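Encoded as structure tokens, the structure appears first; notes follow it.
The values are calculated or read from the model by the stated rules, or taken from the named source; none is laboratory data. Everything quoted here is computed from the prediction, not taken from an experiment. Neighbour counts run over all protein chains shown; Cβ positions are idealised from the backbone, glycine included.
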Amino acid sequence: MTMKAPKEILSVLKKEKSFVIAAHISPDGDTIGSGLALSAALEAMGKKTVVYSRDRIPRYYRFLPGQGKITRALKELAKTAPVLVLLDCNSARRAGTEKQVFPLSLVIDHHETESDFGDVRWIEPRAAATGLMVYHVIKALGVRLTREMAVNLYTAIAVDTGTFRFSNTSAEVLEAAAELVRHGADPSHVSQALYESWEEKRLRLLQMTLETLEIRDRMATIFITREMFEKTRTKAADTENFPNFPKMIGAVEVSVSFRQKGGNTWKVSMRSRGKVNVARIAEIFGGGGHANAAGYEVEGSARAVRDALFRAYESYRK
């Protein structure tokens with residue numbers, strides 16, 4: 001697949017002067033890297049931009065160039081009447097911007113599950129990462145790639161392809177990554193920052209989490225409770241990538257983490273390999289995502305939410 005940025009998206013980015021670029025809540029490398037790269041590109045064109053994230057940027061993404069300018073204050077920004085750009089999500093609620101009104105909104109996203117938010121939308125589920133879509137936007141705008149853009153885009157693509165291990169790693173992905181390396185992205189540095197710079201407390205949290213591992217009918221589940229966070233003095237951001245660990249077991253088809261948000265509320269993150277479309281399972285519970293990575297929130301006891309998911313999984317397989 002060779003992607004081409006829609007003319008409607010490019011037209012708005014060329015015409016308008018001021019933008020708020022919003023990452024999704026619980027930001028990951030794709031939404032952060034895409035946002036920082038697009039911001040740098042638009043500013044190179046003489047535009048004014050602000051990158052917004054409702055939640056704090058995880059410590060292990062603070063190596064990204066420009067991340068220090070990300071703001072968590074949105075209310076005052078909306079008063080200046082900029083264009084809102086949602087990246088790596090397609091609903092205002094997912095970006096934490098639902099309480100603010102903007103005169104115009106753009107959506108650039110690769111998630112399979114869609115909402116109808118956005119005046120101008122580019123939804124491309126076949127894209128390996130939103131970072132790959134933003135890469136094509138920047139090239140179509142005629143902006144010269146800088147090292148800052150290259151590092152951010154490379155990180156965005158690397159995160160959503162499992163550092164080029166997942167099945168969404170295509171020739172186009174590798175060709176884009178190669179160009180980003182030529183423009184200053186250092187694969188070794190990015191990998192070290194992402195995977196070899198953990199704090200000890202995060203590893204302790206992973207250890208406790210894996211002790212909850214249960215496998216049933218090729219589905220593996222793990223739980224992260226509030227008690228675990230308190231014992232290890234960690235936060236929700238420290239659990240990124242945890243759902244992928246049980247998938248290392250060859251017999252596991254679907255890997256699921258249940259993270260306790262408070263009381264009986266759980267954030268469920270699903271990962272799969274092969275033909276199992278976890279987005280379809282997540283939709284049963286009001287969530288969504290990609291075919292091989294999806295999630296939702298649910299309320300109930302640990303046993304109840306796990307059993308409900310097992311039943312949905314069994315129904316899906318029939």
What about residue 108, is it crowded, with 18+ Cβ neighbours inside 10 Å and either under 26 Å from residue 297 (Cα atoms) or in contact with a strand residue (DSSP E or B) (Cβ under 9 Å, 6 or more places away or on another chain) (or both)?
-> yes
Filter result for residue 52 (closer than 14 Å to residue 156 by Cα and within 16 Å of the chain's Cα centre (by Cα)) = no
Any idea how many residues of region 194-213 are modelled with pLDDT of 95 or more and part of a helix (DSSP H, G or I)?
-> 11
Tally, over region 62-105, of residues that are among the hydroxyl-bearing types (Ser, Thr, Tyr) and crowded, with 23+ Cβ neighbours inside 10 Å = 1
If we scan region 226-233, do we find a residue that is more than 18 Å from residue 293 (Cβ to Cβ), in contact (Cβ under 8 Å) with a residue 40 or more places away in the chain and surrounded by fewer than 19 Cβ atoms within 10 Å (Cβ to Cβ)?
-> no
Of the conditions (1) part of a helix (DSSP H, G or I); (2) under 25 Å from residue 112 (Cβ atoms), residue 179 clears all except one; give me its number.
-> (2)
Some residue of region 184-207 being polar (S, T, N, Q), assigned by TED's automatic domain parsing to the domain that holds residue 253 and in contact with a strand residue (DSSP E or B) (Cβ under 7 Å, 6 or more places away or on another chain) | no
When you look at residue 299, is it surrounded by fewer than 19 Cβ atoms within 10 Å (Cβ to Cβ), farther than 23 Å from residue 28 by Cβ, acidic (Asp, Glu) and at pLDDT 95 or above, yes or no?
-> yes
For residue 283, indicate whether it is under 14 Å from residue 257 (Cα atoms), among the acidic types (Asp, Glu) and under 18 Å from the mean Cα position of the chain (by Cα).
-> no
Scan region 124-141 and report the pairs whose first residue is buried (at least 24 other Cβ atoms within 10 Å of the Cβ) and whose second residue is among the hydroxyl-bearing types (Ser, Thr, Tyr), with Cβ atoms within less than 6 Å and a gap of 6+ or a chain change.
-> 128/161; 130/34; 131/34; 134/34
When residues of region 257-266 are limited to those that are surrounded by fewer than 24 Cβ atoms within 10 Å (Cβ to Cβ) and touching a Ser or Thr at 6+ places or on another chain (Cβ under 8 Å), the one nearest to residue 243 (Cα to Cα) = 258
